[in-house]
1. Could you list all residues from the range 50-78 that are among the aliphatic types (A, V, I, L, M) and touching a residue at least 12 places away in the same chain (Cβ under 8 Å)?
2. Would you confirm whether any residue within the range 53-69 is farther than 19 Å from Leu81 by Cβ, charged (D, E, K, R), under 11 Å from the mean Cα position of the chain (by Cα) and at pLDDT below 95?
Amino acid sequence: MKPETVEFLTAGLRPLNCRACGTCVLVKKSSMQHTSIQWTSDASRSCPVFAEQKASGAQTALLDTCGNLSESIEIALKDGLLEVPE
């Protein structure tokens, strides 16, 4: 992969731990509506919500995130740990 492609895909990603389960992901806010999440581990093993979905036969690859992680991202925004570019 070209260095500029890697930079485009990874610039602005910040580590964030889910407040519910502790799973660490990389997060970037591009706008209030757009959030990029990069899992640093197998979500179905590290996140209880994904594990439950997998156990029930759901396709976890089609899930963006879980409510607990979404809430953790919102709290990080309010606490100033993540920023939305202007």
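The values are calculated or read from the model by the stated rules, or taken from the named source; none is laboratory data. Everything numeric in this text was worked out from a predicted model, so none of it was measured. Because the Cβ atoms are built from the backbone with ideal geometry, glycine has one as well, and the counts that use them run over all protein chains shown.
1. Of the residues in the range 50-78, the ones among the aliphatic types (A, V, I, L, M) are 51, 55, 58, 61-63, 69, 73, 75-77.
Once the filter is applied, which keeps residues that are among the aliphatic types (A, V, I, L, M) and touching a residue at least 12 places away in the same chain (Cβ under 8 Å), the range 50-78 yields Leu63, Leu69, Ile73, Ile75, Ala76, Leu77.
2. Scanning the range 53-69, I find at least one residue that is farther than 19 Å from Leu81 by Cβ, charged (D, E, K, R), under 11 Å from the mean Cα position of the chain (by Cα) and at pLDDT below 95, so the answer is yes.
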